[in-house]
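The values are calculated or read from the model by the stated rules, or taken from the named source; none is laboratory data. Because the structure is a prediction, the values reported are computed rather than measured. Cβ placement follows ideal geometry from the backbone for every residue including glycine, while neighbour counts extend to all protein chains displayed. Side chains are part of the model used for accessible areas, which takes the heavy atoms of the whole protein and leaves out ligands, DNA and RNA. Shrake-Rupley method; radii C 1.70, N 1.55, O 1.52, S 1.80 Å.
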Amino acid sequence: MAIQALISENALIRILVVADHVILRQGILVLLNKEDDFDVVGEAEDGKTALMLTTELKPHIVLVDTCLEIASGLGIAQQLLRSSPSTRIVLFAGSNDENLLFEALRIGVHGYLQKTLSIDDLRKALRAVQCGERVLGESQAVTQMATEFHRLTKEQNRLNRGLGAMEIKLLSFASKGYTNKEIGKQLFWSEIQVKRKMQEIYRKLQVTDRAQAVAEAMRQGLI
């Protein structure tokens with residue numbers, strides 16, 4: 001029994017909760033502390049207190065509400081990442097704000113969790129963060145990230161090849177089987193203009209004909 005108690009004590013995940021709503025802070029404290037492996041070591045209602053307590057208490061994880069009234073939860077997370085690089089920072093969000101999600105991932109937070117998570121899922125997510133994983137709490141957030149990653153990859157491939165938006169549009173028409181003449185009608189161009197532009201596209205994609213151009217564009221996720 002003593003050995004089990006020692007293991008449990010050593011395995012405690014120390015949490016600091018940053019939120020300006022007392023009910024939310026204390027609710028998380030009570031729910032997490034019901035488990036043997038969590039210890040909520042402190043609460044903070046603003047950024048200044050969060051920074052001070054993180055330095056003083058050295059929690060493993062700081063759980064930051066994004067919806068703080070006085071300061072930006074994202075801004076506090078960024079300060080904590082700089083001042084306490086060994087501490088894992090997890091944002092707790094109340095909305096599916098795509099821009100906030102991507103900015104959080106950009107600055108390097110260790111978790112981005114929705115307030116709609118069950119307490120069991122919150123505990124699982126925090127345990128995963130403690131084990132070194134980066135966690136997104138909802139499948140929708142994962143989908144958003146994957147969609148944005150695909151968009152950025154597609155855009156980077158386009159830039160790497162030196163292709164403009166109009167050239168991508170031409171490739172899209174070509175992939176649907178449009179002839180140069182039909183593409184010209186869509187764009188109010190002459191057939192000669194379309195032909196010249198397609199030849200530029202072949203050169204940039206390092207191919208010799210329309211079929212190869214379409215295949216290469218699809219391979220790279222450009223269309």
List the aspartates and glutamates whose alpha-carbon lies under 15 Å from that of LYS185, not counting same-chain residues fewer than 8 positions away?
none
What accessible surface, in Å², does a 1.4 Å probe find on ASP209, ignoring ligands, DNA and RNA and rounding to the nearest 10?
60 Å²
Pick from VAL129, VAL90, VAL30 the residue whose mean-square fluctuation is largest in a GNM of the chain, springs joining Cα atoms under 10 Å.
VAL30
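For the chain, what number results from the quotient of the Cα radius of gyration and 2.2 N^0.38 Å?
It is 1.49.
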Do any of LYS48/LYS124; LYS34/LYS58; LYS115/LYS154; LYS48/LYS115 go past 26 Å between their Cα atoms, and which?
LYS48/LYS124; LYS115/LYS154
Helix-only estimate, please: 222 nm mean residue ellipticity of the chain, summing -39500 (n - 2.57) across DSSP H runs of length 4 or more and dividing by its residues, to the nearest 500.
-18500 deg cm²/dmol
As straight-line cross-link partners of LYS197, the qualifying aspartates and glutamates (C-alpha separation under 15 Å, not fewer than 8 residues apart within one chain) are GLU167, GLU182, ASP209
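What does the charge dipole of the stretch 74-132 about its Cα centre add up to, to the nearest 20 debye, if the Cβ of each Lys and Arg holds +1 and the Cβ of each Asp and Glu holds -1?
Using only the charged Cβ atoms, the result is roughly 260 debye.
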So, R0 is 22 Å and r is the distance between the beta-carbons of GLN212 and SER190; what FRET efficiency does that work out to, to 0.05?
0.35
